[in-house]
Amino acid sequence: MKSAITDQKSPIRDLGYKPYDGPRLSHRGRFQVLFRRNLALAWASTLVKVDLILSMFPMVVCAVIMYLKLAAQKRGLPIKEDPGLWVFNCIFWCQIWFAFTMSLLVAAPTISADVRSGAFQFYFARPVSRMAYLLGKVLSAAVLIASILAIPGLLLAIMRVALAADGGDALTQLPLLLKTILYSVLFTATLILPAFALGALSRQPGYVQGGWAALFFLPWLLGEGIAAATEIPYIALISLPTNLRWIGEALFGVPSSHDLAWYWPTGALLLIVGCATWWVIRRLDRVEVFS
């Protein structure tokens, strides 16, 4: 029986090995390929696009409330709170739901999906370091989550400065921009790194997403509930959202119902995020590198 190759009219010609001759990416810039690829894959999801679009609607409502409060303040009507506090209200009470949904879609299943599909062998068979892999994955998720938090917050902060009563009031409100950026960065890291750490524990993305939702919401309900019943606010430090809220209240000057200093929730949050980062790096160190 003749081979199918010999029956072809055009014979196969051995052109020989030709080494690649052209520009090569530096080691430091190779995470950019992973960053662009992961961002493109995330953007291809309809749920990601819907989440981003819907996340902009609360900003409009908060902007209307802020404008009405500023207008009432200029007319001499008694306003109990500074209208600029609606920057914090928008970021935490409104955007947290959309930002968490985005972390559920693009952060939690990232590592588990790569483990399940065997993508680590593909990535690390090339000269890509573990840190380049982690940086590319984290930054792509951070862009999507931070846009949900920072864009509405910064637009509201700019609106507060632009509608200031006078130049002195505008200068007083300028730190609101820096506070918004700092809070958005901390918020984004809190929604990404623990989700990545949880994703390094399982090969099933669905289990990771369910576990991340439970880890985020159950301590929130239990921690604040038990803290309120026992009047011991330290118990609520186990909750990621509670720590974010307390830090935001201290940063934006929102009156709080607890007596804890700002460094308690800040320390608890940095400890959780730091341990999550250490765990992800430790898990990646166990991946065999073929280079």
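No lab work stands behind these numbers, since they all come straight from the coordinates. Keep in mind it's a predicted model, so treat the numbers as computed, not measured. Note: ideal-geometry Cβ built from the backbone for every residue, glycine included; neighbour counts use all protein chains shown.
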*asked:* Angle check, please: helix 130-162 long axis (alpha carbons) against the longest principal axis of the chain (alpha carbons), in degrees 0 to 90, nearest 10.
replied: 30 degrees
*Given 25 °C and 0.890 mPa s, how large is the Stokes-Einstein diffusion coefficient of the chain in µm²/s, with Rh as the Kirkwood radius over Cα pairs?*
112 µm²/s
*Dipole of the chain, Cα-centred, from +1 at each Lys and Arg C-beta and -1 at each Asp and Glu C-beta, to the nearest 20 debye?*
1280 debye
*Hey, how many Å between the Cα centroid of the stretch 194-219 and the Cα centroid of the stretch 84-127?*
11 Å
*Report the calculated FRET efficiency for V185 and A72 (r = Cβ-Cβ distance, R0 = 30 Å), to the nearest 0.05.*
0.35
_On Cα atoms only, tilt of 31-43 relative to the major axis of the chain in degrees_ = 70 degrees
*If you stretched the chain out fully between L222 and L271, how much longer would it get, using 0.36 nm times the residue separation minus the C-alpha to C-alpha distance?*
15.7 nm
*If exposed trypsin sites (Lys or Arg not before Pro) are those in a DSSP loop with at most 12 other Cβ within 10 Å, what is the longest stretch of the chain that has none?*
81-285
*Percent RCO, i.e. relative contact order, over the stretch 30-285, from Cα pairs under 8 Å lying at least 6 residues apart*: 23 percent
*From the residues V273, Y207, P83, which one has its Cα farthest along the dipole of the chain in the positive direction, the dipole being from +1 and -1 charges on Cβ of Lys/Arg and Asp/Glu about the Cα centre?*
Y207
*Can you give the Kirkwood hydrodynamic radius for the stretch 145-280, in Å, rounded to one decimal and based on Cα pairs?*
16.5 Å
*Between R282 and I65, with labels modelled 7 Å along Cα→Cβ, what's the label distance in nm to one decimal, could you check?*
4.2 nm
*For F98, F217, F196, what's the fewest-to-most ordering of other Cβ within 10 Å of each Cβ?*
F217, F98, F196
*Can you work out D for the stretch 78-145 in µm² s⁻¹ from Stokes-Einstein, where Rh is the Kirkwood radius over C-alpha pairs, the temperature is 4 °C and the viscosity is 1.567 mPa s?*
88 µm²/s
*What number, rounded to the nearest 500 deg cm²/dmol, is the helix-based mean residue ellipticity at 222 nm of the chain, given -39500 (n - 2.57) per DSSP H run of at least four residues and division by all its residues?*
-22000 deg cm²/dmol
*Using only Cα atoms, tell me the angle between helix 175-199 and the longest principal axis of the chain; keep it within 0 to 90° and round to the nearest 10.*
40 degrees
